[in-house]
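Have a look at the structure below before the remarks.
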Amino acid sequence: MTQDQLKQAVARAARDYVAANIGEGAIIGVGTGSTANFFIDELAAIKDRIAGAVASSDASKRRLEAHGIKVLDLNEVSELPIYVDGADEIDAELMMVKGGGGALTREKIVAAVARTFVCVCDQSKLVATLGKFPLPVEVIPMARAHVARELAGLGGQAKLRQGFVSDNGNQILDVHGLTIADPVRLETRINQIPGVVTNGLFALRGADLLLLATPAGVKTLRRAGATNPS
Ligand code: 5RP
């Protein structure tokens, strides 16, 4: 199976999960990236069952709208039963590194509102320890050099993502070489650096459910203590 076939399979599984776990007229949170794009294409098949979606990026918003799915501003929405998104890395506790597509801040905000975070990945994303994938950190442009020096103090080498501006008008530092022994602690620590908007560790709010595509089928892993969306 190709990686795209795995992404397609997991997107279909996520569509079925959404269809089985929402009430009529629910609003769904939708992530960003190539796996999320497959999911958006699948969501179109059940669009009559949802009232709309909240998107974690302008790119996902455009794709949803191209399918005729209404996109709402998060401020208009009081609850999101489910948020579906990919990850760059995920561990057995369903903590993640995200932001390879640069949408980490809006992804973290939408995830914070959602009752259930469903992560959709192919098996290459499951790791024993987070940190091989460079950690994205969104920064206010004037703070870039300061934040890079602070990250060096934490053992990471920050590289500016060239030619990239986030949907929020900010820059991204990709941080190589960090040892992520305690993801919750590191997420909290980096977010305390003045000028950091947020970092791509999703440990304080990880996923509740992982749908993992393998050549043998889509496996389901649930975070201990995770509740159902409805
Ligand atoms: C975007 C993200 C994506 O979820 C992550 O990069 C995974 O993307 P893909 O499904 O293309 O591998 O965090 O900011």
Enumerate the amide H contacts of PHE117 below 5 Å, restricted to partners 5 or more residues apart or on another chain; note that Pro and chain-start residues carry no placed amide H. TYR83, ASP208, LEU209
Can you work out the Karplus-derived ³J(HN,Hα) for every residue in segment 116-121? Use 6.51 cos²θ - 1.76 cosθ + 1.60 with θ = phi - 60°, whole Hz, and x for glycine or proline. 10, 9, 9, 8, 10, 9
Trypsin sites (Lys or Arg not before Pro) within segment 1-79: which are DSSP loop residues with at most 13 other Cβ atoms inside 10 Å? LYS70
Under the rule of at least 5 residues apart or a separate chain, name every residue whose amide H is placed under 5 Å from the amide H of VAL54. ILE28, GLY29, VAL30, LEU72
To the nearest 0.05, how large is the calculated FRET efficiency for LYS70 and ASP182 if R₀ is 41 Å and r is the Cβ-Cβ distance? 0.50
Contour excess over end-to-end distance, with Cα ends at ALA112 and SER34 and 0.36 nm allotted per residue: 25.9 nm
Amide H to amide H under 5 Å from VAL197: which residues, 5+ apart in sequence or cross-chain, H placed 1.01 Å off N in plane? GLU138, VAL139, ILE140
Expressed in nanometres to one decimal, the distance between label points 7 Å along Cα→Cβ at THR2 and ASN191 is 3.8
Could you give the accessible area per residue of segment 56-116, probe 1.4 Å, as a whole number in Å²? 40
Whole-Hz Karplus ³J(HN,Hα) for segment 53-62, in order, using 6.51 cos²θ - 1.76 cosθ + 1.60 and θ = phi - 60°, x for Gly and Pro? 9, 10, 9, 8, 7, 5, 5, 5, 4, 5
Run a plain Debye calculation on the chain (Cα atoms as equal point scatterers, no solvent) and give log10 I(q)/I(0) at q = 0.10 Å⁻¹, rounded to two decimals, same order as the q list. -0.43
Carbon and sulfur: what percent of segment 20-171's accessible surface (1.4 Å probe)? 51
Taking 8 Å as the Cα distance limit and 6 or more residues as the minimum spacing, I'd like the relative contact order of the chain as a percentage. 22
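The values are calculated or read from the model by the stated rules, or taken from the named source; none is laboratory data. Quick caveat: nothing in here was measured; it's all calculated off a predicted structure. Cβ atoms come from the backbone with ideal geometry, glycine included; neighbour counts cover every protein chain shown. The accessibility values were calculated without ligands, DNA or RNA, using every heavy atom of the protein model including side chains. Shrake-Rupley method; radii C 1.70, N 1.55, O 1.52, S 1.80 Å.
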